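Chemist: Attaching a single structure in structure tokens format; questions to follow.
The values are calculated or read from the model by the stated rules, or taken from the named source; none is laboratory data. Computed from a prediction, not measured in an experiment: that's the story for all the values here. Glycine also receives a Cβ, built like all others from the backbone with ideal geometry; neighbour counts cover every protein chain displayed.
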Amino acid sequence: MSEIGAAEPWAVRETGVPDDGELRQRESVFALANGHIGLRGNLDEPEICGMPGTYLNSLFEERDLSYPEEGYAFPKRTETIVDAPNAKPITLTVGGERFDVRTGTVTRHERVLDLRRGTLVREVEWTSPRGVRLSLRTERLVSFTRPSIAAVRYVARADAPLRAESDVRVNEEPPEQRDDPRASEIIPRPFEPVAHDRDALVHRTRRSKISVAAAVAHVGADGIVSSEPDLLRWTAEGHGELRFDKIVAYRWGGDEDVRESALRERDAAVAAGFDVLTDEQCRHLEAFWADADVEIDGDPEVQQAVRFGLFHVLQAGALSVPGPIPAKGLTGNGYDGHTLWDTEIYVLPVLTYTHPEYAERALRWRHHTLGHARDRARELGLAGAAFAWRTITGPECSGYWPAGTAGLHVNADIAGAVLRYHAATGDETFMREAGRELIDETARLWVSVSHLDADGVAHIVGVTGPDEYSALMDDNVYTNLMAQQNLRAAALDQHSLEIADRIAIPYDERHDVHDQSAGFTRLEEWTFPGDRFPLMLHHPYLNLYRRQVVKQADLVLAMLMRGDVFTPEQKRRNFAYYEARTVRDSSLSAPVQAVLAAETGHLSLAHAYLAEAALLDLRGGGESGGDGLHIAACAGAWMALVMGFGGLRDCGGRLSFAPRLAPGLSRLRFRMRWRRARLTVTVTPGEVTYAVRGDAATFGHEGTEVTVADGDSVTFPLTPVEDRPAPPSPRPPAPR
């Protein structure tokens, strides 16, 4: 067995050998990626593996969707991420015995994910069954500066003959399919061979016809190369020490000569050398942390976890173009490698305020898929654009329409992300080339899907909001408010603005709270008698849809995204009401509940939800984390700290703060960008300080407008906030 060690501020350390029950989760935790390519954190030896996992952004295979009963406009095909050529395996033989940590004696086995170097280092001390002692050190990286490059430095020492077989493998035997409806479909042998030689393997997906080349070189030791259609192997021998660098380049696409492109990328990386690759990696991460780091005193676990989460957000989004940011990043095959609305609502705020160039790339990818969205809208009999609920390249890939096609809020989420990016950056070029069209086309959708009743009230009916336990509802408040924002930003004509001004916002006078959707508070209550979670794996959706049970923050998310619509007292009452009905069967829930708990004064509860979001994957409790990390939850830890305790809001394009700290936290410091200013916000129990570099920054503090010039800072006393008790909940956050 292994364990993740005590919290370190800049590293994640595993000691011991992961057992079969730990393997998949740890392979996700120790994954390396740059948004373009991703390597799961497998051990070097191929025999010990939960899921091999080499992923290339938008490398997918098509498969047909089938339904017990066909329906008009049901998607016919879906896209599923496939396991690309695997260049991680290195098999070592020591004195005639194969190195295998399940045999012999392991006196040391440690892996360290270095969050400032962007490398995964493994160190092993092992004695073979015959008594030969081996020392092994490997260092792996996926380059942030060279999108197609991954590399490993391999150093083995033993007083015996050493032999290494270093492979690139294609069409490996897939892992066993998990019996979980959230698990990805695994496509066996998705590739057909095209070419192979001593430098590269070239393959093509059988249906989607995407060509992929893996070019590899070994530097530092002499070896012999053999190749066949699905295997390229480099073999080297030595005595006492065997040391080499393995550098691999991936290229894929439909038209270009992928082999020649991969060879050029490989040769450039070889000419630079492994040391230069690591130096480039360190400099890139130094620049990233200068704008993105969050410091928190009083909770070392959360400090480690929020940096771990930010590192994986970077790995998911840094070089994603020309592809999307998938819900699992490139750490696993969960959700078939699809992107969902998580990206715009959870991931892009982090990138917008820390590294907006990455957010711009993600939004330009959405714009690139606009043709598919227009086609889908026409298929649904609607105007404008209907963006896919789940997709890799743009077409709708969700076969479950009550949560997919009916989740129209994804369109307003995209428009909202455009507005946030524009407000934070002032990027008029992006708006002219992509942003304005995204806002206008999604607004046309809302005009066509809404209607005015006899009283002149505008309604959007038969949709699914963020809460997937309440499908096909009328006037979901989150959807309506996000659509309202979308319509006002587009200002297409007087009719569209009339819809925005008259949009229904259901309110229950009897309970004095907002309805999540029209009639929600009149549904039967759920009693939660000894329930097992997630409910969807233990109860039919028919029962879930008919009761007041909430999978994830929905009305509470509306209060975060459109906080300008709700009074402070409404927020407090709404939060308490929905806290008693929310079961958090989604990793998207805890971050939002943390933010609103902080805003409504439940500071200890906010801290507990922050910890739940931050530690979800890192400490091994994440649902389906073995299929890849929950990138939205990784981003959600930042949201909980910066939007929760930092009080950051951006309503109407205006930046403001209302900071407060939970008991036990002695300091919070975060960095962010606003236009051409860089802000550092430092919160202690007694005061908050705003420091600015670059252009002057204007923002709100507790309702007062403040302007801070370049090089200046301003300090305010912190408004005392009483820590209110947590409202009743069917599933309170687990104690640590």
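Chemist: Of the residues G465, G435, only one is in a helix (DSSP H, G or I), surrounded by 23 or more Cβ atoms within 10 Å (Cβ to Cβ) and not polar (S, T, N, Q); which?
Modeler: Only one candidate passes the filter, namely G435.
Chemist: Quickly run through the range 456-506 and pick out the residues that are on the phi > 0 side of the Ramachandran plot and touching a Ser or Thr at 6+ places or on another chain (Cβ under 8 Å).
Modeler: L472, D475
Chemist: Taking the range 400-433, which residues are within 18 Å of A500 (Cα to Cα) and out of contact with any Leu (no Cβ under 9 Å at 6 or more places or on another chain)?
Modeler: H409, D413, G416, L419
Chemist: Filter the range 538-569 for residues that are part of a loop (DSSP other than H, G, I, E, B), within 28 Å of the chain's Cα centre (by Cα) and crowded, with 17+ Cβ neighbours inside 10 Å and give the result.
Modeler: V549, K551, Q552, A553, D554, R562
Chemist: Follow-up. Any chance you could count how many residues in the range 613-666 are closer than 16 Å to I296 by Cβ and outside any helix (DSSP H, G or I)?
Modeler: 12
Chemist: Here is a further query. In the range 328-342, what count of residues is obtained for those that are aliphatic (A, V, I, L, M) and more than 19 Å from I187 (Cα to Cα)?
Modeler: Of the residues in that region, 1 qualify.
Chemist: Testing R671 on (1) closer than 15 Å to A597 by Cβ; (2) within 27 Å of the chain's Cα centre (by Cα), one condition comes back false. Which one is that?
Modeler: With respect to (1) closer than 15 Å to A597 by Cβ; (2) within 27 Å of the chain's Cα centre (by Cα), R671 is out only on (1).
Chemist: Quick one: how many residues across the range 476-533 are assigned to a loop (DSSP other than H, G, I, E, B), in contact with a Lys or Arg (Cβ under 8 Å, 6 or more places away or on another chain) and more than 16 Å from Y577 (Cα to Cα)?
Modeler: Qualifying residue count for the region: 2.
Chemist: Which of (1) surrounded by 18 or more Cβ atoms within 10 Å (Cβ to Cβ); (2) of a type in the set (G, A, S); (3) out of contact with any Ser or Thr (no Cβ under 6 Å at 6 or more places or on another chain) does G694 not meet, given it meets every other one?
Modeler: (1)
Listed here are the residues, each with its yes/no results for (1) of a type in the set (V, I, T); (2) not in a loop (DSSP other than H, G, I, E, B).
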{"position": "D100", "(1), (2)": "no, no"}
{"position": "R137", "(1), (2)": "no, yes"}
{"position": "R140", "(1), (2)": "no, yes"}
{"position": "R146", "(1), (2)": "no, no"}
{"position": "R163", "(1), (2)": "no, yes"}
{"position": "V168", "(1), (2)": "yes, yes"}
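Chemist: Among A662, A637, which is over 24 Å from R532 (Cα atoms), crowded, with 19+ Cβ neighbours inside 10 Å and more than 25 Å from the chain's Cα centre (by Cα)?
Modeler: Selected residue: A662, the only one of A662, A637 that is over 24 Å from R532 (Cα atoms), crowded, with 19+ Cβ neighbours inside 10 Å and more than 25 Å from the chain's Cα centre (by Cα).
Chemist: What number of residues within the range 362-375 are assigned to a helix (DSSP H, G or I), within 16 Å of D413 (Cα to Cα) and without any contact (Cβ under 8 Å) to a residue 60 or more places away in the chain?
Modeler: 2
Chemist: How about the range 511-543: which of its residues are of a type in the set (A, V, I, L, M) and farther than 21 Å from Q593 by Cα?
Modeler: Within the range 511-543, A518, L523, L537, L542 qualify.
Chemist: Let me ask something else about it. Which of the following residues is in a helix (DSSP H, G or I), crowded, with 17+ Cβ neighbours inside 10 Å and at pLDDT 95 or above: R572, R584?
Modeler: Exactly one residue qualifies, and that residue is R572.
Chemist: Within the range 210-220, identify whether any single residue is farther than 30 Å from F533 by Cβ, surrounded by fewer than 17 Cβ atoms within 10 Å (Cβ to Cβ) and at pLDDT 95 or above, and answer yes or no.
Modeler: yes
Chemist: Okay, next question. Going by what's in this entry, would E441 be described as touching a residue at least 40 places away in the same chain (Cβ under 8 Å), over 25 Å from D650 (Cβ atoms) and acidic (D, E)?
Modeler: no
Chemist: Which of (1) of a type in the set (A, V, I, L, M, F, W, C); (2) at pLDDT 95 or above; (3) within 28 Å of the chain's Cα centre (by Cα) is the odd one out, the single condition I186 does not satisfy?
Modeler: Among (1) of a type in the set (A, V, I, L, M, F, W, C); (2) at pLDDT 95 or above; (3) within 28 Å of the chain's Cα centre (by Cα), I186 violates only (2).
Chemist: Here's another thing I want to ask about it. Hey, among the residues in the range 438-460 that are among the aliphatic types (A, V, I, L, M) and within 13 Å of R488 (Cα to Cα), which one's surrounded by the fewest Cβ atoms within 10 Å (Cβ to Cβ)?
Modeler: Among those that are among the aliphatic types (A, V, I, L, M) and within 13 Å of R488 (Cα to Cα), it is V447.
Chemist: Among what's in the range 521-535 and is out of contact with any Pro (no Cβ under 8 Å at 6 or more places or on another chain) and within 19 Å of L472 (Cβ to Cβ), pick the residue that is surrounded by the most Cβ atoms within 10 Å (Cβ to Cβ).
Modeler: If we take residues in the range 521-535 being out of contact with any Pro (no Cβ under 8 Å at 6 or more places or on another chain) and within 19 Å of L472 (Cβ to Cβ), then L535 is surrounded by the most Cβ atoms within 10 Å (Cβ to Cβ).
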